[in-house]
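Down below is the structure, laid out as structure tokens.
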Amino acid sequence: MQFTSFLDNGHLTVALTGEIDHHCAKNYIQTIAAKIEAYTPEVCVLDFQEVSFVDSSGIAVVINALRNMSQIEGKLILTGICQQPMRVFRASGIDKLVEMKEAVR
């Protein structure tokens, strides 16, 4: 699990990397929750530009981030989503709950 994050003008951006599966999802969930709690951003952006694969555990990461942002009346946005993760998110209905932007390549 590797990622970077930064806060800029009330927007927390978390750039995720690699494959998001059951091996790393719990750590992502906990770390993103801690950052949201610490910074209480107006908007949290999960950047999937460097994510090549997600399974149902990746959906859990998004749902937990959405829940945390909803508790502070904030907004969650997913950006840079590549083809495979986009298929998983659309099949799960995440695209109906969260603003999503595909990767520009």
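Values quoted throughout were computed directly from the atomic coordinates according to the rules given, and no laboratory measurement underlies them. Being a predicted model, the structure only gives us computed values, none of them experimental. Because the Cβ atoms are built from the backbone with ideal geometry, glycine has one as well, and the counts that use them run over all protein chains shown.
A few notes on this one:
- Helix axis angle, 25-39 relative to the chain longest principal axis, alpha carbon, degrees: 30 degrees
- Averaging 1/r over every pair of different alpha carbons in the range 1-52 and inverting the result gives a Kirkwood radius of 11.2 Å.
- For the chain, the Cβ-based charge dipole about the Cα centre amounts to some 200 debye (Lys, Arg positive; Asp, Glu negative; other atoms uncharged).
- Volume per residue for the chain equals 85 cubic angstrom (convex hull of Cα atoms).
- When restricted to Cα atoms, the range 34-75 yields an Rg and a Dmax of 11.1, 30 Å, respectively.
- Cα convex hull of the range 49-94, projected area averaged across orientations, nm²: 3.1 nm²
- Estimated vicinal HN-Hα couplings, Hz - the range 81-94 in sequence order (Karplus 6.51, -1.76, 1.60; Gly, Pro = x): 7, 7, 4, 5, x, 4, 4, 5, 5, 5, 5, 7, x, 4
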